[in-house]
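Remarks on the structure that follows.
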Amino acid sequence: MSMDKLKVGVVYGGKSGEHEVSLQTAFAVTNAFDYEKYELVPFYISKQGTWKKGAVMNAPFARIEDLKLENFAGGTQDALNALFARLYGGAEALDIMFPLLHGTFGEDGTIQGMFEMADMPYVGAGVLASAGGMDKVVMKKLFAQAGIDQCAFTYFNATQWKQTEHEMIVQVEDQLGYPCFIKPANLGSSVGISKARNRDELKTAIEFALRYDTKVVIEEFVEAREVEVSVLGNDEPMASVPGEIVSSGEYYDYAAKYIDGQSQMLIPAPLDPEAADRIREAALQAFRAIEGNGISRADFFIRKSDDALLINEVNTMPGFTPYSMYPLLWRETGVSYAELLDRMIELGLERYNRKQALNYENGV
């Protein structure tokens, strides 16, 4: 290995419902890396949660199927040995990990905590921002505390639903009315989301959402445009130009995002300069509200009745194929896909080095 090449571990797959999306992201990222600058080491996590580590890559994968590393015999122990090699000075030590895991067990702070324990620099949001950004209820509470306007919502867990089903339904009807949206609190890519127009649909939707998480969040329906902003940085984040989603379906669900291919992305969003600046500033405010690092995408509603700006959510590991909104917004803003990868790695190392300078010893 040339001494000036960074050794980057890319981890993808995972146990979440977004396993296939993660593979698409990893295929795109590993094809875009500059192999003159980086050596990549692939780490594949199966749907069952077992790990596999591949050989050092000096060229991209030819096919998505190759990412599953089926020709490599080494299992979870080999992968974890490489991940923790920095702690015991192993020859396999990596310079940084680049998580490309979407959803549960990847975007929710769990793998970030593992990296922290391994003394491993990593790309993207830290434990707190990942966990807070994944849990829609916690995220909404952080937005409320920061004074960021959002849709009316309520929430409850599976036990509350089981014990007081009627009271929960009345609460939704009193606070939000119909139609309303029902979502699992901890899931990305619009999986498990339903729109309810009456009590029967509400009950069905809640039962459906509780198959994916132990907590549901229910939001008022807002007739609105959907606008997104990409954020990049640590303590001094930057916001991209906004883009607008025009969904092929009644709302921007999993099928509209990944399957039917009919949704449109308008980049930049057709907004006057003042509105665009307002949205960019709100995206930075939301990034700070969750203690963001590295990257995130902030998603907003612009209510059609009065042009009010309402935050929907932030996504700390947004879709990252060359056709995804996050990199496309940066391309429009003047930052290429390859430059984004470089910058994300720089930000991960910057945050790690800053933390290394802190004193963790009591009273010294």
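A few remarks follow.
- Residues located in segment 269-315, provided they are open to solvent by 30 Å² or more (accessible area, probe 1.4 Å), of a type outside the set (Ser, Thr, Tyr) and either within 22 Å of PHE153 (Cβ to Cβ) or assigned to a loop (DSSP other than H, G, I, E, B) (or both): PRO270, LEU271, ASP272, GLN285, ARG288, GLU291, PHE301, ARG303, LYS304, ASP306, ASP307, GLU313
- Within segment 233-249, being part of a strand (DSSP E or B) and crowded, with 21+ Cβ neighbours inside 10 Å holds for ALA239, GLY243.
- Looking only at residues in segment 152-175 that are in contact (Cβ under 8 Å) with a residue 60 or more places away in the chain and open to solvent by less than 80 Å² (accessible area, probe 1.4 Å), the one that is farthest from ASP135 (Cα to Cα) is ALA152.
- Some residue of segment 61-68 being farther than 14 Å from ALA93 by Cα and part of a strand (DSSP E or B): no
- Single residue of segment 133-151 satisfying the filter (in contact (Cβ under 8 Å) with a residue 24 or more places away in the chain and hydrophobic (A, V, I, L, M, F, W, C)) that is surrounded by the most Cβ atoms within 10 Å (Cβ to Cβ): MET134
- When PRO318, PRO322 are checked against the criterion of being open to solvent by 10 Å² or more (accessible area, probe 1.4 Å) and within 24 Å of LEU101 (Cβ to Cβ), PRO322 stands alone in meeting it.
- The C-beta contact set for segment 212-230 (first residue within 14 Å of ASN312 (Cβ to Cβ) and of a type in the set (Val, Ile, Thr), second residue open to solvent by 50 Å² or more (accessible area, probe 1.4 Å) and part of a strand (DSSP E or B), distance under 6 angstrom, 6+ apart or interchain) comprises VAL217/PHE153; VAL217/TYR155; VAL222/ARG303.
- ASP66 open to solvent by 10 Å² or more (accessible area, probe 1.4 Å) and closer than 16 Å to VAL10 by Cβ: yes
- Residues (open to solvent by less than 30 Å² (accessible area, probe 1.4 Å) and either outside the structural domain of LEU69 (by the TED database) or touching a Gly at 6+ places or on another chain (Cβ under 8 Å) (or both)) located in segment 27-48: LEU40, VAL41, PRO42, PHE43, TYR44, ILE45, SER46
- Answer from GLN24, GLN112 - the residue that is open to solvent by 60 Å² or more (accessible area, probe 1.4 Å) and assigned to a helix (DSSP H, G or I): GLN24
- Complete set of residues in segment 295-323 that are without any contact (Cβ under 8 Å) to a residue 60 or more places away in the chain and among the hydroxyl-bearing types (Ser, Thr, Tyr): TYR323
- Selection status of THR30, of a type in the set (Ser, Thr, Tyr), modelled with pLDDT under 95 and closer than 24 Å to ASN315 by Cα: no
- Test for THR154: is it more than 20 Å from LEU232 (Cα to Cα), in a helix (DSSP H, G or I) and among the polar types (S, T, N, Q): no
- Selection count, segment 143-167, where residues are among the aromatic types (Phe, Trp, Tyr) and out of contact with any strand residue (DSSP E or B) (no Cβ under 6 Å at 6 or more places or on another chain): 2
The values are calculated or read from the model by the stated rules, or taken from the named source; none is laboratory data. The model shown is predicted, which means the values in this text are computed figures rather than measured ones. Cβ sites come from the backbone with ideal geometry, for glycine too, and all protein chains shown count toward neighbours. Keep in mind that these areas ignore ligands, DNA and RNA; they rest on the heavy atoms of the full protein, side chains included. Shrake-Rupley method; radii C 1.70, N 1.55, O 1.52, S 1.80 Å.
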